[in-house]
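Written below as structure tokens is the structure these notes are about.
The values are calculated or read from the model by the stated rules, or taken from the named source; none is laboratory data. In this text, all values refer to a predicted model and were calculated from it rather than measured experimentally. Methodologically, a virtual Cβ is constructed for each residue, glycine included, from the backbone with ideal geometry; neighbour enumeration extends over all protein chains shown.
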């Protein structure tokens, strides 16, 4: 099982790098394609739109495929999209290729989360899922800084050519190391049965918690660079290291969140969202001191991304017979959270409230997420979800041995 999770993490690393490195090489791409920075920003939003559209659409289209086949196909689409984007002749064509590259993002993570959880079995599901998502958080520590440096030295096209090579490695690793779990049961592959999960108000509440709770984190992360330069007084070179520090915090939070979720999902949700609100509020006061700001940046990454594996475990608990579709929808919710957080944070800055105003926006969004979590907890107590978890195929039931950390 560890090797299969490594294969999934390689794919997640490639996807995370492709998603976030565009922010680092945006000036180079804008200059070469002959457009302004705001126009080049469509290369970021185009990818996000692809995630939102592709997550449910590709999951439903591939519902009758085995999850291993789904993983190979989505990673192949991702690889091809990055290769095409590296050859894009214009900004408009580039946005289209970025949209295509984003389409398989959510379907890959939806299928991968179910595969990881199924292999691990009860008691270790969230930990196994967090190991796959470790590739996504490591992308912010290693992939994005190195990809940005590569783009600055050799051009943005070189960055995405390397991302395509990582995609090829991901396809090969999944094909060789992930066990075949067979096709989903007939009821689980039917579109009607897949969509039936969304009749549950608990599923919608869980997705809303992600949208607002994680949106609070993105409200600050989206403007972290100008805060660190203009308020904290760091040089642009030092900010690159601080962004890597935030990535280390994300990795630590992902690791801790997976272990918390296997023990107490709802208490973990409450604790994570309270932590997000507290740390974002604290950053309003610590951002004026370099040392305190650096410590808080790590904490923002840690508590913010602690939410991800906990919410992944929560939505899979609520999904019943449609874990892949609901897990894919969670990826759409993550990207909507990114958009809402960035928009709300930019709005208060544009209205002259200052660079620290996004911190207060983040606190407010986290508070909304916490209120939604409390509503979900009350609903669970009144009307517990009755869906049975998806059965584990005999061929992939875990051996009676501990799961490595």
- [ ] With respect to residue 235, determine if the residue is at pLDDT 80 or above and in contact with a helix residue (DSSP H, G or I) (Cβ under 9 Å, 6 or more places away or on another chain).
- [x] yes
Task: Yes/no for residue 34 being at pLDDT 85 or above and buried (at least 24 other Cβ atoms within 10 Å of the Cβ) - done: no
Task: Conditions (1) surrounded by fewer than 20 Cβ atoms within 10 Å (Cβ to Cβ); (2) in a helix (DSSP H, G or I); (3) out of contact with any helix residue (DSSP H, G or I) (no Cβ under 7 Å at 6 or more places or on another chain): number failed by residue 263 - done: (2)
